[in-house]
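Note sheet for the following structure.
The values are calculated or read from the model by the stated rules, or taken from the named source; none is laboratory data. Note that this is a predicted model, so its numbers are computed, not measured. Cβ placement follows ideal geometry from the backbone for every residue including glycine, while neighbour counts extend to all protein chains displayed. Surface areas here come from the heavy atoms of the whole protein model, side chains and all, with no ligands, DNA or RNA. Shrake-Rupley method; radii C 1.70, N 1.55, O 1.52, S 1.80 Å.
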Amino acid sequence: MHALKSVAGAAGLGMIGFYLGLGFVAVLRAMLGYPDAWGGEINIVGGYVFGLVGWLMGIGMWGIWIREWFGLKTYQRRAPGWQRYFTFNTDHKVIGIQYLVTFIVVFLLAGLLALGMRLELASSGMQFISHSQYNGAMGLHGILMIAVAVAAVIGGAGNYAVPLMIGADDMAFPRLNALTFWLIPPVAVALLATPFLGGIETGWTAYPPLSTTTNSSQILFDLAIITFGLTSILGGLNFIITIIFMRAPGMTWGRLPIFVWSMFVTSWLAIFFTQGFAVALLMILLDRVAGMAFFSAEAGGDPLLYQHVFWFYSHPAVYIMVLPGFGLALEVISHFSRKPLFAYRYAVGAFLGILGLSGVVWAHHMFTSGMPNYLHGPFLVATELISIPTGLIFLSALGTIWMGKLWLQTPMLFAMAVIFNFACGGVTGIFLADVPTDIHLHDTYFVVAHFHYTIVGGEIFALFAGIYYWFPKMTGRMYNETLAKLHFWWMFIGFNLTFFTMHLPGVKGMNRRVADFPESLDNLNMLVSISGWLLGLSFLVFMYNMINAWIRGPVAEANPWRARTLEWQTTSPPPHENFPEQPVIKGHPYDYGVPGSVHGVFPNSGLAGAPSGSAGGGGQ
Amino acid sequence: MAVIAPAEAHRPVHDHLKLNRAGLWLFFFSESVLFGLLLTARFYLEGIQREELDQLLGLGITIVLLLSSVTAFTAETAIEHDNRKLANWGLIATIALGVLFAAGVGYEWSIAHFHRDEAFGTLFFTMTGIHASHVISGIGILVLVWVQLLRGRYTSRDHWPIAGAVMYWHFVDVVWVFFYPALYLVN
Amino acid sequence: MAPKLRQIQRTGEQAHKEALTYFHLDTFHDRMRTAAAAEWGVAARSLSLAGQGAQLLHVRHLITAGLLWVVLTAVGELLVVADLYPTVGSHEAQDFDDIFRFLLLLGVPVMTFVFAVLIYAGLQFRIRTAVPTEDGPAMRGQGWFPRAWLAVTGGLAIFVMIYPGLTGLAELQQGDKGASGWGDQEAEVTIKATAFKWQWLFEYPDGTQVSVAAGKELVLPNETSIKFEVNAADVVHSLWIPAFRMKIDAMPGRTTYMTVKPNKLGEFASDQAYRVQCTELCGLDHATMMFPVRVVEPQEFESWLASLNEGGN
Ligand code: HEA
Ligand code: HEA
Ligand code: CUA
Ligand SMILES: [Cu+2]
């Protein structure tokens, strides 16, 4: 069993590294004369760092990469069939699937936590869990879901589809790509270990001074998220280089599929802003383990500094989440409407506009924080400006659908739902961006409803559009369309019932992050809880359909959707090098209904003579 | 088992270099946000105030680091002309100057009269510490590269590791060019 | 064109050939067009907005979808008249409700526009065949329409930015631009509020303190401007009174403030909007960091204060 050997070996090395690290720090501390050499949180930091290195070396980085630095010959563990998903595999298709499956599992786990929370919140008073368990579950739900939202579409769909769509044989740095995935399991382990160290008490935002004084689980949170930030940055870097340098001949920027554009812009966001999260958490880490004073007001620090640095990342992060979702939705909408993507240039411009604006709006999360009054106006203005480029995405989506030949298969339904849901999520964003309304709404369930509408309604729906869209390509098998449609309608209705209702308790006076609330809000919360469970159960259909189809679904065609982009012009699943030969791009990917148009050709293949423009509808 | 990573094998060499170089630049771009945020935090918390520092030492280590960039540059140009001997000495000098710089920072830490649990101390130790960690990793990379150079691995046409390590070294140097005045000179 | 069942292990070559069938979409389209023409006896291209008939068809679609938009908007605007809010307990609360309603008034048509197009398209433009047999018209969106869209949405965004955004903000932030808080910096009554894990301590101008230990109730005079000066003893908390629609964080190391003017008598026992609620996650008992509020007539307030002082506080 190659798979077992590789993962178990790496985990073993990781454990050894962990204890070595603990001990190493302890020895250092003893030498420096600290009284309690073993007890500090800094030991955990040392253990984590050593453990991480051990894990990475064990999983394959040593063999395929690091040996090179010492002038040794590199080698790669080869595993057959499904087992390759458990090795340090550098094929972008394998990595994409690794990402997707991992994050679906994380999504389900975190969703289960949410269902637990909704159980407690079904009525006022404390029924099932304690305040501390609730806080822990809430924080873990939040951060796991944020991780899902940041990485599932980018790491999963992005890794799988981007090289295929631009006609490349792989990403620019395949080993780096594998590294970004294999950094994820330690992150997951660290986060899932937090309940055993007292639970995340701070929510996903980790505001100090609470986070500098709370229990030790915070240290794992910091380490995990710094690592996670690293994968975002390295992944973004890889995408940018891939998209700039590895496009097929003829794939000009104006012919780039819109999903690739969205990934490109997102990657810039990721490499630029993610450092903010890392710096913010690093400061907390230093305050905790090294006795520094970034956020202690008595010693000249300032807790607001954290909020600025944190939101400097975390606002752009919401666009890191949603832009690939938009790209994916537009992509699917064009193919399934059988029309050119409407206002393609405007959509690209919208992505760039969001890229530009997203860096100057962060303090809209801090309107009631007690930051100086002169900051509110500029951030209000910038925040509301961002709805203009976002509106252009809607222009593109609605224009494409209008008068189209809509093939309402599951991916299309999900893509249309993205637009539907995000209209609601975006408009409620305007309520929050207006300071006079935000003063009341801040930190209420209105905000919770807003961001579930944007993240779940926008991005997670897009994620499912992508999963159904590329499932035949990835697995070579077809899912059951009836079950998939059932999943869609069930999820769509459950989602809107849950989260539309959730606005109401917010306005009526229910603050977030509480396990208990005034009984006057009982009815509304019961309704939200019931619909939340309804929503949760829809994923059973999804899981059944996916697992069943992957094992014994009917064999899929190479191009079941009759789509034009390159990934459909190769086998399902594609061969290791993606295409039998280098494709050459001749036209726009979305030129449906344009006689004689082609997107790409394989010039040397006997079948693939490029039709000359004059051939009109004649083709070959 | 032992197979060399195939995915990258069939791409032409120059293509590869271009990707590496651009990737490294992007990495610097991302890292400068890290350093930029630390700088911002420094001015956010303390304005343009600062504590008394050993000016002579500060100036000294700055010169040392700037010099090391020159020697690093020398090493790179030398290998471009297949002058291994000069490249060798260039790398050795760079590593030595780097160690000297790190030692200087360490000395500054030991004589600092402020403590890390006050605002300026927090900023000073964090900024110099994070920068020094980059210097030290840079030294590590240079040592690895230097060993490979001794084993004769590099030629004028194939010396990306040297070029990359030197680029990284320049970057770390440039960061210090911003940190030094922010920590030692403003006021 | 039902999916043929094939061996999953095909040679790359063979599958590649298959893929190419669709790859040269002109071929594909052509075949689709002929198929469609044969089926319905029409040239598929007639739908491409060029012909007179298509134009009329398009106008009809626009009108019906527009009607749908109007209907959905009418339904949606019920939200504006619906009673969504807690008790209006202060002048600020009245302002909030008005602004919120105004934003709903504008926001609902935006939402329903998107909904209407999606629903209409989903019903009217969907194909009824198992697989698509023809392409839609090649509308690329390069003419006046995107520009008009940009102008309308941009205008709308700038409009709400100025009113009620900036105008409302100007009302909320009078005086010192460097201060941190809402409303007038001068008020008739100033109450110092100190937040700590996990409760509040309030101090009236005469030095009287109320907390869970003393008084157990924050009593406020009606129709009087009241300024809260807020501090935090340990971590970040936030002071929120839903009936007043106002909130400001308690930040360690700085004093924030908010000024409100109650306009309605009320008390927590009968109306849970009258409560001071901590809204910034502050650890274990954040959820229960809540303090009852009672708004009384000013005379009653004076006598309450006096009685509290006599009581030996
Ligand atoms: C994918 C994630 C995502 C996205 C895309 C957005 C998009 C937006 N968000 Fe949201 N937001 C979150 C996720 C997201 N948000 C999260 C997670 C939080 C809470 C974090 C926490 O505290 O835990 C949050 C919180 C949050 C706040 C802070 C609330 C508070 O805590 O008090 C604010 C305030 O301004 C805000 C505003 C906006 C705005 C204006 C947009 C805009 O981008 C929306 C723009 C879109 C539209 C407006 C609709 C489409 C446009 C048209 C159809 C054109 C016509 C429309 C107009 C002209 C109005 N968001
Ligand atoms: C991607 C992002 C994402 C997603 C998908 C969700 C999904 C859901 N979220 Fe959450 N949520 C957040 C991101 C997300 N959330 C964030 C960032 C916060 C803020 C945290 C903070 O304040 O710090 C939050 C907070 C939050 C709160 C507020 C908590 C509080 O403030 O006290 C609530 C309350 O109702 C909630 C509910 C839900 C529900 C009911 C779902 C449902 O959609 C869940 C659906 C259910 C499932 C997906 C489970 C299905 C599983 C099965 C059927 C079994 C599977 C079996 C196995 C795994 C073996 N979420
Ligand atoms: Cu105090 Cu929450
Ligand atoms: Cu934001």
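Some values worked out for this structure:
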| quantity | calculated |
| --- | --- |
| Qualifying residue in the range A:140-161 (condition: closer than 13 Å to A:ASP91 by Cα, outside the structural domain of A:VAL7 (by TED's automatic domain parsing) and of a type in the set (A, V, I, L, M, F, W, C)) | yes |
| Which listed residue, of A:THR428, A:THR444, A:THR383, is in contact with a strand residue (DSSP E or B) (Cβ under 7 Å, 6 or more places away or on another chain) and either at pLDDT below 95 or near ligand 1 (Cβ under 9 Å from one of its atoms) (or both) | A:THR444 |
| Selection within the range C:256-313 - within 26 Å of the chain's Cα centre (by Cα), more than 16 Å from ligand 3 (Cβ to nearest atom) and of a type in the set (D, E, K, R) | C:LYS261, C:ASP271 |
| Any hit, the range A:119-127, residues being within 30 Å of A:PHE471 (Cα to Cα), touching a residue at least 40 places away in the same chain (Cβ under 8 Å) and part of a helix (DSSP H, G or I) | no |
| Conditions (1) in contact (Cβ under 8 Å) with a residue 12 or more places away in the chain; (2) under 17 Å from C:VAL276 (Cβ atoms): number failed by C:ALA213 | (1) |
| Residues of the range A:197-249 classified as aromatic (Phe, Trp, Tyr) and within 16 Å of ligand 2 (Cβ to nearest atom), total | 4 |
| Subset of the range A:351-368 that is touching a residue at least 60 places away in the same chain (Cβ under 8 Å) and within 16 Å of ligand 2 (Cβ to nearest atom) - its residue that is farthest from the chain's Cα centre (by Cα) | A:THR368 |
| Spans of strands (runs of 3 or more DSSP E) in the range C:211-313 with at least 2 residues more than 7 Å from every other protein chain (Cβ to nearest Cβ) | C:218-221, C:226-232, C:237-241, C:256-260, C:275-278, C:290-296 |
| Among the candidates C:PHE228, C:PHE196, C:PHE202, residue that is surrounded by fewer than 18 Cβ atoms within 10 Å (Cβ to Cβ) and more than 16 Å from ligand 2 (Cβ to nearest atom) | C:PHE196 |
| Subset tally (residues that are surrounded by fewer than 24 Cβ atoms within 10 Å (Cβ to Cβ) and more than 7 Å from every other protein chain (Cβ to nearest Cβ)) for the range A:393-408 | 0 |
| Tally of residues being within 9 Å of chain B (Cβ to nearest Cβ) and assigned to a helix (DSSP H, G or I) across the range A:69-89 | 1 |
| The listed residue being open to solvent by 10 Å² or more (accessible area, probe 1.4 Å), among the β-branched types (Val, Ile, Thr) and more than 30 Å from A:MET292 (Cβ to Cβ), out of A:VAL381, A:VAL332 | A:VAL381 |
| Of residues in the range A:112-128 being of a type in the set (A, V, I, L, M, F, W, C) and open to solvent by 40 Å² or more (accessible area, probe 1.4 Å), the one nearest to ligand 3 (Cβ to nearest atom) | A:MET126 |
| Condition met for C:PRO262 (touching a residue at least 60 places away in the same chain (Cβ under 8 Å), buried (at least 18 other Cβ atoms within 10 Å of the Cβ) and in contact with a Leu (Cβ under 8 Å, 6 or more places away or on another chain)) | yes |
| Every residue from the range A:461-501 that is open to solvent by 10 Å² or more (accessible area, probe 1.4 Å) and either over 30 Å from A:GLN569 (Cβ atoms) or touching a strand residue (DSSP E or B) at 6+ places or on another chain (Cβ under 7 Å) (or both) | A:ARG477, A:LEU486, A:TRP489, A:TRP490, A:PHE492, A:ILE493, A:ASN496, A:LEU497, A:PHE499, A:PHE500, A:THR501 |
| Checklist (1) at the interface with chain C (Cβ under 9 Å from one of its Cβ atoms); (2) near ligand 2 (Cβ under 10 Å from one of its atoms) applied to A:PHE422, failing item | (2) |
| Unique match (being more than 18 Å from the chain's Cα centre (by Cα), buried (at least 23 other Cβ atoms within 10 Å of the Cβ) and either farther than 30 Å from A:LEU408 by Cα or within 16 Å of ligand 3 (Cβ to nearest atom) (or both)) among A:GLY301, A:GLY250 | A:GLY301 |
| Checking A:GLY300 against (1) within 16 Å of ligand 1 (Cβ to nearest atom); (2) within 14 Å of chain C (Cβ to nearest Cβ); (3) among the small types (Gly, Ala, Ser), the condition it does not meet | (1) |
| Answer from C:ALA193, C:ALA187, C:ALA151 - the residue that is within 16 Å of ligand 3 (Cβ to nearest atom), out of contact with any His (no Cβ under 9 Å at 6 or more places or on another chain) and not assigned by TED's automatic domain parsing to the domain that holds C:ASP95 | C:ALA193 |
| Test for A:ILE42: is it under 21 Å from A:ILE226 (Cβ atoms), open to solvent by 40 Å² or more (accessible area, probe 1.4 Å) and hydrophobic (A, V, I, L, M, F, W, C) | yes |
| Options A:LEU109, A:LEU32, A:LEU72; residue that is under 22 Å from A:VAL189 (Cβ atoms) and open to solvent by 20 Å² or more (accessible area, probe 1.4 Å) | A:LEU109 |
| Qualifying position, being within 16 Å of ligand 3 (Cβ to nearest atom) and polar (S, T, N, Q), among A:THR368, A:THR390, A:THR383 | A:THR368 |
| Tally, over the range A:265-296, of residues that are open to solvent by 10 Å² or more (accessible area, probe 1.4 Å), in a helix (DSSP H, G or I) and without any contact (Cβ under 8 Å) to a residue 60 or more places away in the chain | 4 |
| Selection count where residues are assigned to a helix (DSSP H, G or I) and open to solvent by less than 20 Å² (accessible area, probe 1.4 Å), scope the range C:137-193 | 9 |
| Residue in the range A:443-456 that is more than 10 Å from chain C (Cβ to nearest Cβ), within 20 Å of the chain's Cα centre (by Cα) and either assigned to a loop (DSSP other than H, G, I, E, B) or of a type in the set (D, E, K, R) (or both) present | no |
| Tally, over the range A:191-204, of residues that are within 19 Å of the chain's Cα centre (by Cα) and either among the charged types (D, E, K, R) or open to solvent by less than 10 Å² (accessible area, probe 1.4 Å) (or both) | 2 |
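To keep it simple, each residue is scored yes or no on (1) within 13 Å of another protein chain (Cβ to nearest Cβ); (2) touching a residue at least 12 places away in the same chain (Cβ under 8 Å); (3) crowded, with 16+ Cβ neighbours inside 10 Å.
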site	(1), (2), (3)
B:ASP117	yes, no, yes
B:ILE141	yes, yes, yes
B:GLN148	yes, yes, yes
B:HIS159	no, yes, yes
B:GLY164	yes, yes, yes
B:TRP169	no, yes, yes
B:VAL172	no, yes, yes
